[in-house]
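Undergrad: Before I ask anything, let me first share the structure, which is written out below as structure tokens.
The values are calculated or read from the model by the stated rules, or taken from the named source; none is laboratory data. Worth saying up front: this structure is predicted, and the values here are computed from it rather than measured. Neighbour counts run over all protein chains shown; Cβ positions are idealised from the backbone, glycine included.
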Amino acid sequence: MAKTHKIAVIAGDGIGKEVMPEGLRVVEAAARRFGISLEFTTFDWAHCDYYVQHGKMMPDDWFEQLKGFEAVFFGAVGWPEKVPDHISLWGSLLKFRRDFDQYVNLRPVRLMPGVPCPLANKKPGDIDFYVVRENTEGEYSSVGGKMFEGTDRELVLQEAVFTRKGVDRILKYAFDLAQSRPKKHLTSATKSNGISISMPYWDERVAEMGKTYPDVKWDKYHIDILTARFVLSPERFDVVVASNLFGDILSDLGPACAGTIGIAPSANLNPDRTLPSLFEPVHGSAPDIFGKNIANPIAMIWSGAMMLDFLGQGDANYRAAHDAIVAAIEKSLVEGPRTPDLGGNGNTTDVGKAIAALI
Ligand code: ATP
Ligand code: MG
């Protein structure tokens, strides 16, 4: 008997509620075709209306309710008119990332056919890489404080925290990913010429880890020149690994180089699988287009493909389900229907149905 995977579904706010049904439609179609057994449980919290009613984004036992799931399929959160973003985000999504120890933030950067590329002279195939961001420590620590406030000696400090465990586990994930890809190439983001303690440490750990992956060719670039290379020569990248801050920047820059925000997917992974991983579109709740059924569902659908791949732990059948979804997305981008952000006049439901039909 095939294993049944338990998945929590949280649509969240705004267009999260519109793209989620299409994500589910396509994931279910792929699961049927490839004989994968999934069980979905929907949760009606972690959205701003819940906050307006209850004064919090989620019930107190949210961790207990979710911890037994393998994955959370997540739409979007935020509705600034009702709840300030820092409250809605810190009260839901960022809690998941932290408390479920989702230490890998993974974003594919891939130029799809039919998507206008903001970079000159790039065609599909030229841009096809992953950004792997460390998601739990580094520059985003709360260690620090203010001294001598209000005086002319006023001083503010915020530390970056790099642990051996935290650095090694993200590097291991990135090297494994590079090892599994045809190019077997890894690029590390650094800034050891300016940040003189933590970044040389990061570089050292990369060099050390690199010794145990003889098949993987790796290099490193300072973050300033690396961002320039993203724009000027994205062909050279395969897997790019970076600390929390640098990864934050690169994981927004990458998808922007490959076209519209409406198609960019992401995964927050706990590769140890002790707690759920989370799959969500890069975009937010987009209140400006909510209610019109014009949001592009492809980011949600592609995130669902990443979820299937993760659930399979390298199994060829799950990989095939992932690839079938990505191929169907590519075909639909060429043949339509397309949503207005891609210059089409199709709606959210049309696009979801068309992609499901291709599967
Ligand atoms: P976040 O709060 O998540 O950082 P945001 O709220 O600033 O992001 P988004 O919600 O991602 O921003 O929206 C940014 C812009 O992109 C908006 O104009 C929105 O309409 C557009 N957009 C976002 N997602 C989609 C989508 N799936 N389809 C079409 N347009 C989108
Ligand atoms: Mg927002």
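Undergrad: Among what's in the stretch 256-290 and is within 16 Å of ligand 2 (Cβ to nearest atom) and either assigned to a loop (DSSP other than H, G, I, E, B) or free of Cβ contacts under 8 Å to residues at least 12 places away in the same chain (or both), pick the residue that is surrounded by the fewest Cβ atoms within 10 Å (Cβ to Cβ).
TA: Checked the stretch 256-290; the qualifying residue surrounded by the fewest Cβ atoms within 10 Å (Cβ to Cβ) is D288.
Undergrad: Here are some conditions: (1) among the charged types (D, E, K, R); (2) touching a residue at least 40 places away in the same chain (Cβ under 8 Å); (3) away from ligand 1 (no atom under 16 Å from the Cβ); (4) within 23 Å of H5 (Cβ to Cβ). E330 meets all but one. Which one does it not meet?
TA: Of everything listed in (1) among the charged types (D, E, K, R); (2) touching a residue at least 40 places away in the same chain (Cβ under 8 Å); (3) away from ligand 1 (no atom under 16 Å from the Cβ); (4) within 23 Å of H5 (Cβ to Cβ), E330 misses just condition (4).
Undergrad: Still on this structure: With respect to F73, is the statement that it is more than 30 Å from H185 (Cβ to Cβ) and modelled with pLDDT of 95 or more true?
TA: Values: more than 30 Å from H185 (Cβ to Cβ): yes; modelled with pLDDT of 95 or more: yes.
So F73 fits the description; yes.
Undergrad: Which residues, counting only those in the stretch 69-83, are within 12 Å of ligand 2 (Cβ to nearest atom) and of a type in the set (V, I, T)?
TA: Correct list: V77, V83.
Undergrad: Restricted to the stretch 113-134, and to residues that are within 16 Å of ligand 1 (Cβ to nearest atom) and at pLDDT below 95, which residue is surrounded by the fewest Cβ atoms within 10 Å (Cβ to Cβ)? Give the derivation first.
TA: From the stretch 113-134, those within 16 Å of ligand 1 (Cβ to nearest atom) are 114-116, 118, 133; that's our starting set.
Subsequent filtering for residues that are at pLDDT below 95 retains 114-116, 118.
Values: G114: 18, V115: 21, P116: 9, P118: 12.
That would be P116.
Undergrad: Also, I was wondering about something else. Restricting to the stretch 84-93, and then to whatever is away from ligand 1 (no atom under 12 Å from the Cβ) and not in a loop (DSSP other than H, G, I, E, B), can you tell me which residue is surrounded by the most Cβ atoms within 10 Å (Cβ to Cβ)?
TA: That would be I87.
Undergrad: Another question, if that's okay. As an exercise: evaluate H5 against (1) out of contact with any Lys or Arg (no Cβ under 6 Å at 6 or more places or on another chain); (2) buried (at least 17 other Cβ atoms within 10 Å of the Cβ); (3) within 19 Å of R97 (Cα to Cα) and give the number of the one condition it does not meet.
TA: (3)
Undergrad: Look at F40 and say whether it is part of a loop (DSSP other than H, G, I, E, B), within 20 Å of A2 (Cα to Cα) and either in contact with a helix residue (DSSP H, G or I) (Cβ under 8 Å, 6 or more places away or on another chain) or away from ligand 2 (no atom under 16 Å from the Cβ) (or both). Talk me through it step by step, then tell me what you get.
TA: Details: part of a loop (DSSP other than H, G, I, E, B): no; within 20 Å of A2 (Cα to Cα): yes; either in contact with a helix residue (DSSP H, G or I) (Cβ under 8 Å, 6 or more places away or on another chain) or away from ligand 2 (no atom under 16 Å from the Cβ) (or both): yes.
For F40, the condition - part of a loop (DSSP other than H, G, I, E, B), within 20 Å of A2 (Cα to Cα) and either in contact with a helix residue (DSSP H, G or I) (Cβ under 8 Å, 6 or more places away or on another chain) or away from ligand 2 (no atom under 16 Å from the Cβ) (or both) - is not met.
Undergrad: Moving to a separate point now. Could we say that L308 is part of a loop (DSSP other than H, G, I, E, B), among the aliphatic types (A, V, I, L, M) and away from ligand 2 (no atom under 16 Å from the Cβ) here? Quick ask: steps written out before the conclusion?
TA: Working: part of a loop (DSSP other than H, G, I, E, B): no; among the aliphatic types (A, V, I, L, M): yes; away from ligand 2 (no atom under 16 Å from the Cβ): yes.
So L308 does not fit the description; no.
Undergrad: Of the residues in the stretch 84-107, how many are in contact (Cβ under 8 Å) with a residue 24 or more places away in the chain and either within 11 Å of ligand 2 (Cβ to nearest atom) or under 21 Å from I298 (Cα atoms) (or both)? Even if it seems obvious, please write down each step before you answer.
TA: Within the stretch 84-107, the first condition is being in contact (Cβ under 8 Å) with a residue 24 or more places away in the chain, and the residues that meet it are 87-88, 91-93, 95-107.
Then drop every residue that is not either within 11 Å of ligand 2 (Cβ to nearest atom) or under 21 Å from I298 (Cα atoms) (or both), which leaves 88, 93, 105-107.
Going through the stretch 84-107 one residue at a time, the tally reaches 5.
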